[in-house]
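Below: one structure, written as structure tokens.
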Amino acid sequence: MKITKIETFVLKVALGKERFYSSQCAFPERNSLLVRVHTDDGICGWGEGGQYGPAEPVAACIEHVLARHLLGEDPRDPVMLWERMYCGTRDFGQKGTYIEAISAVDIALWDIAGKAAGMPVSRMLGGAFRDKVAAYATGCYYRGEDYLDFRKQLPKLADEAASYARDGFKMLKVKVGLLDVREDIERIKTIREAIGEDTRLFIDCNHSYNAATAVDFARRVEQYDIGFLEEPVVPEDHDGYRRVRSRTSIPIAGGECEYTRYGFRDFVGKGCVDIAQPDVCVCGGLSEFSKILALCLAHNTLVVPHVWGSGVALAAALAATAVIPNTPHTANPVALQNAPAIEFDRNINPLRDELLTEPIRQKGGFVEIPNKPGLGVELDESVLKKYLHRHEEVHLS
Ligand code: CA
């Protein structure tokens with residue numbers, strides 16, 4: 001079998017008045033970079049890469065640089081091809097866009113390899129520990145025209161938080177970091193009161209604090225029973241991570257902005273986090289996720305993948321989550337205590353909800369791991385066309 005064609009798809013959905021904000025930026029649109037890899041025997045694989053920035057540079061890396069390492073090769077060798085792509089771009093890659101591009105392609109190769117073998121990707125990776133996984137809702141961003149006015153926000157925030165509990169979620173992750181620490185703490189207090197004591201609550205700072213502010217914030221919110229504090233400081237600040245982690249009782253999470261085994265070697269190896277959050281569409285795909293997972297297990301660090309993207313990204317993350325052992329082993333695993341969970345973004349995103357012919361849904365706070373060959377998903381071509389912003393293809397000449 002050999003790779004004959006690689007297609008890139010930049011998909012965009014403008015959000016209009018439904019735009020929302022994190023501590024870092026506005027989200028005026030949702031976008032995804034998808035890749036479809038074709039083979040000479042008719043099997044195609046889907047991948048997704050790059051979650052945080054514009055999709056076009058990721059597409060350009062695939063078209064202009066990575067494609068030449070892949071065309072004509074056997075797609076059932078994803079780990080070998082990963083090294084070839086990485087070594088071919090090391091001098092100008094290593095982190096960021098090039099690794100996101102490698103991630104997209106790598107996921108598509110695993111999809112093909114699984115389809116060719118008639119096995120789900122989780123089995124190709126060594127075997128699923130679970131057929132369904134607990135999901136935590138990600139929501140409670142800053143919303144509406146008055147998003148900076150926290151007093152006006154509180155009633156809406158309470159309604160939103162309560163809606164996730166009503167939907168069946170037992171775990172919720174919410175945003176802070178855009179406002180004065182005292183105002184963001186009012187948000188957390190409101191959310192905790194809205195969801196009650198039985199729903200677990202996590203907080204994501206999106207690296208908006210320095211270490212001193214993060215410690216101050218963490219100590220003030222400890223009283224609200226917080227399961228983890230995510231990205232308290234910027235990803236480059238390993239000393240800051242350690243300082244925050246040593247000064248609060250709340251477990252520290254992070255890693256969505258970290259890349260490859262080399263990035264996680266330093267991030268996890270230096271003791272920055274209790275919970276590592278590689279994103280398979282960012283960290284290097286499923287091949288590199290396996291190596292990052294081994295590295296984290298060697299440090300007894302729980303891995304809970306970060307997820308932010310279309311249904312393809314979600315399917316890839318579910319395959320990755322399936323193969324994470326409980327860390328440590330226990331006869332009665334508890335999500336995010338010693339067992340992984342899946343992040344389930346609840347912000348508006350038609351690329352997540354409409355693109356797959358069978359959208360991935362949660363039921364009672366759990367999501368099933370796809371068990372069909374490959375990633376186990378099919379895309380609705382009409383939806384692909386509806387949100388298509390840019391399409392390119394590179395052929396075997
Ligand atoms: Ca995050």
Next on the checklist: Step by step: first the residues of the range 275-324, then only those that are assigned to a loop (DSSP other than H, G, I, E, B) and more than 15 Å from the ligand (Cβ to nearest atom), then the one that is surrounded by the most Cβ atoms within 10 Å (Cβ to Cβ). Which residue is that?
Outcome noted: SER310
Checklist entry - So which residues in the range 224-243 are within 15 Å of the ligand (Cβ to nearest atom) and touching a strand residue (DSSP E or B) at 6+ places or on another chain (Cβ under 9 Å), if there are any at all? => result ILE226, GLY227, PHE228, LEU229, GLU230, GLU231, PRO232, VAL233, PRO235, TYR241
Next on the checklist: Would you confirm, using the coordinates I've provided, whether ALA253 is among the aliphatic types (A, V, I, L, M), within 17 Å of PHE217 (Cβ to Cβ) and modelled with pLDDT of 95 or more?
Outcome noted: yes
Checklist outcome for this item: Only one of (1) within 16 Å of the chain's Cα centre (by Cα); (2) surrounded by fewer than 24 Cβ atoms within 10 Å (Cβ to Cβ); (3) under 19 Å from VAL307 (Cβ atoms) does not apply to THR97, and that is (3)
Next on the checklist: Tell me yes or no: at least one residue of the range 38-47 is among the charged types (D, E, K, R) and within 19 Å of the chain's Cα centre (by Cα).
Outcome noted: no
Checklist outcome for this item: Looking across the range 30-57 at residues that are at pLDDT below 95 and surrounded by fewer than 22 Cβ atoms within 10 Å (Cβ to Cβ), the single one that is nearest to VAL307 (Cα to Cα) is TYR52
Checklist entry - Going by the conditions given, is ASP266 touching a residue at least 24 places away in the same chain (Cβ under 8 Å), in a helix (DSSP H, G or I) and either of a type outside the set (Ser, Thr, Tyr) or more than 16 Å from the ligand (Cβ to nearest atom) (or both)? => result yes
Item to check | Selection within the range 244-262 - more than 16 Å from the ligand (Cβ to nearest atom) and either under 22 Å from ALA316 (Cα atoms) or touching a Lys or Arg at 6+ places or on another chain (Cβ under 8 Å) (or both) | outcome: ARG247, THR248, THR260, ARG261, TYR262
Checklist outcome for this item: For the range 74-101 the number of residues that are farther than 22 Å from CYS44 by Cα and in contact (Cβ under 8 Å) with a residue 60 or more places away in the chain is 4
Checklist outcome for this item: Of those in the range 354-397 that are buried (at least 18 other Cβ atoms within 10 Å of the Cβ) and among the small types (Gly, Ala, Ser), the residue farthest from LEU70 (Cα to Cα) is GLY365
Checklist entry - Between residues in the range 135-164 that are loosely packed, with under 13 Cβ neighbours inside 10 Å and residues that are part of a helix (DSSP H, G or I) and of a type in the set (D, E, K, R), which pairs lie under 9 Å by C-beta distance while being six or more apart or on different chains? => result GLU145/LYS17; ASP146/LYS152; ARG151/GLU183; ARG151/GLU186
Next on the checklist: Looking at the range 220-275 only, could you name the residues that are hydroxyl-bearing (Ser, Thr, Tyr) and touching a helix residue (DSSP H, G or I) at 6+ places or on another chain (Cβ under 7 Å)?
Outcome noted: TYR224, THR248, SER249, TYR259, THR260
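The values are calculated or read from the model by the stated rules, or taken from the named source; none is laboratory data. These numbers come from a predicted model, not from an experiment. So basically every Cβ, Gly included, is an ideal-geometry build from the backbone, and we count neighbours across all protein chains shown.
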